[in-house]
Amino acid sequence: MAEVAPPQISIVKKKLNGYVGFHSLPNQVHRKSIKKGFQFTLMVVGESGLGKSTLVNTLFNTSLYPNKEAKEPTAETPKTVEIQTISADIEENGVKLKLTVIDTPGFGDFINNEDSWRPILENIEARYDAYLEQENRVNRKRIVDTRVHSCLYFIAPTGHSLKPLDVEFMKRLCHRVNLIPVIAKSDTLTEEEIKAFKARIMEDIAFHKIKIYQPALDETDDAETTQENKDIISRIPFAVVGSDKEVDVGGKKIRGRKYPWGIIEVDNEDHCDFVKLRQLLVRTHMEELKERTNEVLYETYRTQKLAVNGETVDNGASPLSKFEEERIAHEQKMQKMESEMKAVFQQKVAERESKLKQSEEELYARHREMKEQLEKQRIELEEKKKRIEGGAPGTPEKVKRNKGLFK
């Protein structure tokens with residue numbers, strides 16, 4: 001049966017004759033958002049010593065990570081990648097943000113890093129599973145979103161190309177999280193080396209068909225927004241430098257690193273791409289990252305999960321038709337269960353009848369045997385009775401003695 005296309009509803013623009021007031025809807029959303037607050041979950045992945053904690057502290061201008069203490073040398077080495085979570089409530093100009101940072105110490109630090117990506121992927125999918133389980137509850141008022149909204153992947157500043165571990169990790173996770181590659185400690189490379197390194201990285205990403213997050217270029221955006229997005233895209237992968245310490249430059253305190261040959265300013269776009277990374281991650285695209293996580297990445301995972309579990313995924317069918325399908329499926333399931341129960345019952349009855357028949361035959365056999373024994377005893381008793389009634393014959397000696405006397 002061919003599907004009937006829904007009727008097209010023509011939308012006619014009307015001019016208002018007076019004040020209505022729905023132009024204040026953005027203000028209503030703003031007030032509600034300020035009251036509710038925001039939350040964001042960021043994952044950082046990379047080898048040890050690439051400045052992940054320093055960059056996170058620099059991004060949010062606060063000490064999320066405590067100062068690391070020097071560990072004593074030990075012969076023991078970790079066997080798996082750890083998953084560590086740090087949460088903090090931060091506030092800026094009355095806007096509250098619940099920030100969660102997921103760190104992955106141990107990644108890339110083993111002799112064999114073949115499956116270093118697996119614990120991280122499992123953690124991301126476990127968070128999707130937890131959200132899906134909350135959605136399926138009867139009461140969904142208090143859904144806690146712990147899904148990872150973005151992942152910063154730190155690339156070592158080798159100046160050559162992506163390592164096999166980098167390629168494998170990004171290929172495995174690019175379909176589950178908004179992946180943003182960054183070149184760590186870019187102050188160890190010259191401008192020419194950074195430019196060539198970025199080009200090789202993007203070539204490797206394109207060759208291996210790795211999907212990284214890039215701002216969308218929408219025709220409806222204004223010229224300024226479009227240009228900002230183009231500038232951000234042109235800086236990917238971001239060559240970053242992190243520093244939570246201030247240095248003196250011309251009598252002014254700025255965040256940066258001081259070297260014998262000069263000073264690297266973290267917030268100077270001519271020195272590194274930190275400003276563009278912060279703009280993408282916090283200032284202009286945080287909500288877009290959360291929206292893509294929910295509507296694209298999570299929905300893709302949810303569809304695959306339900307399909308694997310044998311559940312029907314909503315494909316736009318009407319609620320009545322979906323209810324009818326569920327009713328028919330339920331009736332078929334009940335009929336199948338009923339037939340299975342009948343089969344089991346008949347099997348049990350047959351087994352019981354077989355046992356009863358066998359017991360009956362055994363009883364009949366014992367009855368016949370006992371009857372035969374009783375008949376045999378009766379005959380023997382009757383023979384004894386006849387002998388007693390007819391006189392019991394004497395012994396042979398008495399017979400001979402009697403015969404001799406009468407002669």
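Suppose every K and R has +1 on its Cβ and every D and E has -1 on its Cβ; what is the size of the dipole of the chain about the Cα centre, in Debye to the nearest 20?
Dipole size: approximately 3140 debye.
Along the charge dipole of the chain, pointing to its positive end and built from +1/-1 on Cβ of Lys, Arg, Asp and Glu, which listed residue (Trp261, Ser243, Gln304) has its Cα farthest out?
Gln304
Which lysines have a Cα less than 29 Å from the Cα of Lys348, not counting those fewer than 8 places away in the same chain?
Lys348 reaches Lys333, Lys336, Lys357.
With springs only between Cα atoms under 10 Å apart, run a GNM on the chain and tell me which of Lys98, Lys385, Lys195 wobbles the most.
Residue with maximal mean-square fluctuation among Lys98, Lys385, Lys195: Lys385.
Counting other Cβ atoms within 10 Å of each Cβ, which chymotrypsin sites (Phe, Trp or Tyr not before Pro) in region 251-303 have at most 11 and sit in a DSSP loop?
Passing sites in region 251-303 are Trp261.
Hey, what's the chain come to in accessible area per residue, 1.4 Å probe, Å²?
Normalised by residue count, the accessible surface of the chain is 72 Å².
Where does region 129-262 land on Rg/Rh, using Cα atoms and the Kirkwood Rh?
1.08
Here are a few candidate values for P(r) over Cα pairs in 10 Å bins from 0, in percent: (1) 5, 24, 33, 27, 10, 1, 0; (2) 4, 20, 29, 25, 14, 6, 1, 0, 0; (3) 3, 14, 20, 17, 11, 7, 5, 4, 3, 3, 3, 3, 3, 2, 1, 1, 0, 0. Which one was actually calculated from the structure I just gave you?
Evaluating P(r) over Cα pairs in 10 Å bins from 0, in percent on these atoms matches (3).
Need the list of lysines near Lys14 for cross-linking: C-alpha distance under 20 angstrom, and skip anything on the same chain fewer than eight residues off.
none
Would you calculate, for the chain, the mean residue ellipticity at 222 nm contributed by helices, counting each DSSP H stretch of 4 or more residues as -39,500 (n - 2.57) and dividing by all residues, to the nearest 500?
When only DSSP H runs of four or more count, the value is -15000 deg cm²/dmol.
Among bridges DSSP assigns within the chain, what percent are antiparallel (round to 5)?
The antiparallel proportion sits near 50 percent.
If the elastic network links every pair of Cα atoms under 10 Å, which of His175, His285, His30 fluctuates the most in the Gaussian network model of the chain?
Answer for the Gaussian network model of the chain: His30.
Under unit Cβ charges (Lys, Arg +1; Asp, Glu -1), what dipole magnitude, rounded to 20 debye, does region 136-195 have relative to its Cα centre?
Here the size comes out at about 880 debye.
Suppose every Lys and Arg Cβ carries +1 and every Asp and Glu Cβ carries -1, with no other charges. What dipole size does region 148-236 come out with about its Cα centre, to the nearest 20 debye?
660
At a Cα cut-off below 20 Å, give the aspartates and glutamates reachable from Lys32, other chains included and same-chain residues fewer than 8 away excluded.
Qualifying aspartates and glutamates at Cα under 20 Å: Asp89, Glu91, Glu92, Asp145, Glu287, Glu288, Glu291.
Would you mind checking Lys15/Lys35; Lys96/Lys276; Lys198/Lys245 for any pair whose Cα atoms are more than 29 angstrom apart?
Where the Cα-Cα span goes over 29 Å, the pairs concerned are Lys15/Lys35.
Using Cα pairs closer than 8 Å and at least 6 residues apart in sequence, work out the relative contact order for the chain, in percent.
Reported relative contact order: 12 percent.
As I understand it, the dipole of the chain uses +1 on the Cβ of Lys and Arg and -1 on the Cβ of Asp and Glu, about the Cα centre. Which of Gln358, His149, Val20 lies farthest toward its positive end?
Gln358
The values are calculated or read from the model by the stated rules, or taken from the named source; none is laboratory data. Just so it is clear, the model here is predicted, and its values are computed rather than measured. Cβ: placed from backbone, ideal geometry, glycine included. Neighbour counts: every protein chain shown. For accessibility, only protein heavy atoms count, side chains too; no ligands or nucleic acids. Shrake-Rupley method; radii C 1.70, N 1.55, O 1.52, S 1.80 Å.
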